[in-house]
Structure formats: C-alpha cells, structure tokens
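Worksheet: the structure to be examined is printed underneath.
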C-alpha cells in the first residue's frame, strides 16, 4: 500500500452507522495529527475528543441548530473532535505578519489532514466541519472565550456503499506546471 491509497479513498462522510469507535483508533488518529509539521514547531492545536454519547448529543444539538442545521448530519457521528487554535510561537507569528499568512491555520490544516488520513486508513469516515455555532461549542466544552475553534471533525464508521467516492478533481495539467506559471 502507498500513501496515495488512503488519499484516494478519503471522502467526506455524512452518514455514519451506529457503532462506537475504539479508543485505540482515536488515539492513532491523534498521534498522526501530533506528528504533523508546523511553522517553527509551534504545534498550535488542541484536540478535544467528544465520544461520550450524552455529551456528544448535547454538543451536536447546540452546534448544529438554527442557521447551522445544514450540518445536523453530524448528530449520527459517534465522535466529534473540536480543534482549538492555540498560540503559535513568536517567530511564526512575526513571519506570518510580514507574509500576510496565518500560519497557525495552515498548521491546523496539516494536522487535521493527518488525522483524517489515519482515520481513512483505519476504515473510519470523517467530515471536516467549519459551519457550526462556535459559542455553543465553547460553552459546552469549557473552552475559554479568547480561544478559537476553527474546525470540528465528525468521525465514525460508515457504510461505504452509501458514500460516493467520486472526487471530481481537476486534471493535473490544470492545477500544476513546471518552472513557470
């Protein structure tokens, strides 16, 4: 197997089955995220894993109601992971200011992709969620108000026959070139 295999299999899952995810598998996903590179080795992330059914239900009811109800499918996921932005190291923040780049968001993206690729390799499905009631999630998970929750990841088992594996990506020659634009 090559790394390209789980990359090709990874898809956004919006229909989970009612089966708990083993803690060992969650820990492997977290370990993959932990090993992600980051600007100046800042590691500007914290992962809050919600696998308690009662708390997850309360979290999902609050996070995905009203204008956020488009993502209410997350209520079927047995695990929700909240990704909290932590402060980058001073040099990464300074470099980001000069470049106009928020490196901590890139870093979190890399860590989350490591997480979801590990999940895929373990036979689990995931979906990145950016549209949710952040204030409600912070309150339920006791996240300080000055912190930012940029991403939620829905995680769980799913029926592959009920999920499209169609990626509909642009061909290589439309997205890449060598030696000039």
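The values are calculated or read from the model by the stated rules, or taken from the named source; none is laboratory data. Since we're looking at a predicted model, the values are computed, not measured. Using ideal geometry, Cβ is built from the backbone for each residue, glycine included, and neighbour counts are taken over all protein chains shown.
General observations
- Test for residue 8: is it under 24 Å from residue 133 (Cα atoms) and either modelled with pLDDT under 95 or not in a helix (DSSP H, G or I) (or both): no
- Of all residues in region 158-180 being part of a helix (DSSP H, G or I) and surrounded by 10 or more Cβ atoms within 10 Å (Cβ to Cβ), the one that is modelled with the lowest pLDDT: 162
- 2 or more residues over 19 Å from residue 34 (Cβ atoms) and touching a strand residue (DSSP E or B) at 6+ places or on another chain (Cβ under 8 Å): qualifying helices (runs of 4 or more DSSP H) within region 49-148: 53-63, 134-141
- Only one of the numbered conditions (1) over 21 Å from residue 163 (Cβ atoms); (2) buried (at least 16 other Cβ atoms within 10 Å of the Cβ); (3) under 16 Å from the mean Cα position of the chain (by Cα); (4) at pLDDT 95 or above is violated by residue 60, and that is (1).
- Condition broken by residue 5, with the remaining ones in (1) in contact with a strand residue (DSSP E or B) (Cβ under 9 Å, 6 or more places away or on another chain); (2) under 28 Å from residue 169 (Cβ atoms) satisfied: (1)
- All positions within region 78-93 that are touching a helix residue (DSSP H, G or I) at 6+ places or on another chain (Cβ under 8 Å) and at pLDDT 95 or above: 78, 79, 80, 81, 82, 83
- Count of region 30-48 residues which are in contact with a helix residue (DSSP H, G or I) (Cβ under 6 Å, 6 or more places away or on another chain) and either assigned to a loop (DSSP other than H, G, I, E, B) or surrounded by fewer than 18 Cβ atoms within 10 Å (Cβ to Cβ) (or both): 6
- When each of 1, 27 is tested for being out of contact with any helix residue (DSSP H, G or I) (no Cβ under 6 Å at 6 or more places or on another chain) and assigned to a loop (DSSP other than H, G, I, E, B), the lone residue that passes is 1.
- Complete set of residues in region 94-116 that are surrounded by fewer than 20 Cβ atoms within 10 Å (Cβ to Cβ) and at pLDDT 95 or above: 109, 110, 113, 114
- Qualifying residues in region 136-157 (those that are out of contact with any helix residue (DSSP H, G or I) (no Cβ under 9 Å at 6 or more places or on another chain) and modelled with pLDDT of 95 or more) - the one surrounded by the fewest Cβ atoms within 10 Å (Cβ to Cβ): 142
- Filtered residues of region 3-42 (kept if within 15 Å of the chain's Cα centre (by Cα) and either without any contact (Cβ under 8 Å) to a residue 24 or more places away in the chain or at positive phi (or both)): 27
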